[in-house]
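Only one structure is covered here, and it is reproduced in the block below.
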Amino acid sequence: MKTISNQDIAGKILKLKKDKNAIILAHYYQVPEIQDIADFIGDSLQLSQNARSTDAEIIVFAGVHFMAETAKILSPHKRVLLPDLEAGCSLADSCPPEAFKKFIEQHPEHAVISYINCSAEIKALSDVICTSSNAVKIVESFPREQKIIFAPDKNLGGYINQITGRNMVLWNGSCEVHDIIKVEEVIRLKKEHPDAKLIAHPECRNVILQLADFIGSTTALLNYSIKDSSGKFIVATESGILHQMKKSSPDKEFIIVPMNEKCSCNDCPYMKLNTLEKLYLSMKNEKPEILLSAELIEAAGSPIRKMLELSS
Ligand code: 13P
Ligand code: SF4
């Protein structure tokens, strides 16, 4: 049986993109061959800004469900496709709407700030959304005396509490990919590579962040690795980011903190569900498509738009 090469699939994708006036938005955690064919690669904030401003009729979202959902909310008249509908997020799943509603009721007088890694239902219960690149700015837009609930990531929330001196009430959620990073592994790699800088995503636990030379969103980590004079970096986040780091700085060395002894990677199983072939099929068949009720689009859209206004 004839197997189709990635190059052939890429050619078909490019043709479909033109024929259907589609745009491919990809997160940095996607496999390299998807990143290489995307029109735009970015962190969660940049991807939502792009989803809002694009002229394309179809947005093909190479990322996870909450990202594609956000794109649909910001561009409700466009068709938004997600190559694999099973591409969820453990952090988003750690915050079920019914339980969160009760949590809010238990904390009257609190404003609700939710990290973008949550479902549309959680967004609809929130006053404003944030991402890892604008969380400090969004939190600081509230008066100091304002009581705040921060959800769903306790690690990011704890980090923001630390640097802003606030005492936000944190929902007890986390990302299985970042939360699993072991401090022993980080210390071992630091000893093995004393000349390397440790860069970490704020979804990591506090013990890891305390050791880091730089903390930031995926785009911020990438930019730091380009601009910093160091030639070696220990990277505490998801492996996908290494593709752009290596492309941008081919002479520098990047060491990912491994998830276990068996591999030298730290892959998000949900992000990695998308493949080039699934991307092609989703464009050809125009499904799976993200569909949301008008009420949910309206309710979840207002806190997202508020974030975009505060970020511009
Ligand atoms: P950013 O791309 O905003 O840094 O978020 C990382 C992440 O975990 C996406 O799921
Ligand atoms: Fe969710 Fe973590 Fe995967 Fe990002 S890396 S999509 S937060 S499970």
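No lab work stands behind these numbers, since they all come straight from the coordinates. If you're wondering where the values come from, they're calculated on a predicted model, not measured in any experiment. So basically every Cβ, Gly included, is an ideal-geometry build from the backbone, and we count neighbours across all protein chains shown.
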Using the structure shown, select from Lys191/Lys262; Lys137/Lys232; Lys197/Lys252 the pairs with a Cα to Cα distance greater than 18 angstrom. Lys191/Lys262; Lys137/Lys232
Flagged as over-length at 26 Å C-alpha distance, from Lys72/Lys284; Lys247/Lys272; Lys78/Lys147; Lys17/Lys287; Lys72/Lys147, the pairs are Lys78/Lys147; Lys72/Lys147
Tell me the label-point distance for the pair Lys252, Asp213, using the 7 Å Cα-to-Cβ offset, in nm and rounded to one decimal. 0.9 nm
For the range 81-154, with equal point scatterers placed on the C-alpha atoms only and solvent neglected, what are the log10 I(q)/I(0) values from the Debye formula at q = 0.17, 0.28 1/Å, to two decimals? -0.65, -1.39
At q = 0.10, 0.12 Å⁻¹, base-10 log of I(q)/I(0) for the chain (Debye sum, equal scatterers on each alpha carbon): -0.56, -0.81
Determine, from the Cβ-Cβ distance of Glu98 and Arg188 and an R0 of 35 Å, the FRET efficiency 1/(1 + (r/R0)^6), rounded to the nearest 0.05. 0.25
Using only alpha carbon positions, build the gyration tensor of the range 21-77, then give the equivalent ellipsoid semi-axes as the square roots of 5 times its eigenvalues, largest first, whole angstrom. 17, 12, 9
Taking the Cα centre as origin and putting +1 on Lys and Arg beta-carbons and -1 on Asp and Glu beta-carbons, what dipole magnitude results for the chain, to the nearest 20 debye? 440 debye
Relative to the present Cα-Cα distance, how much length would full extension add between Ser293 and Asp19 at 0.36 nm per residue of separation? 95.8 nm
Taking the Cα centre of the range 104-236 as origin, sum charge times position over the Cβ atoms of Lys and Arg (+1) and Asp and Glu (-1), and report the length of that vector in debye to the nearest 20. 380 debye
Bin width 5 Å, origin at 0, all Cα-Cα pairs of the range 100-245: what percent of pairs per bin? 2, 9, 19, 20, 18, 13, 9, 6, 3, 1, 0
Scoring only Lys, Arg, Asp and Glu (+1, +1, -1, -1) among other residues with Cβ under 14 Å from the Cβ of Glu261 yields +1
R0 of 25 Å, Cβ-Cβ distance Asp8-Asp55: FRET efficiency to nearest 0.05: 0.30
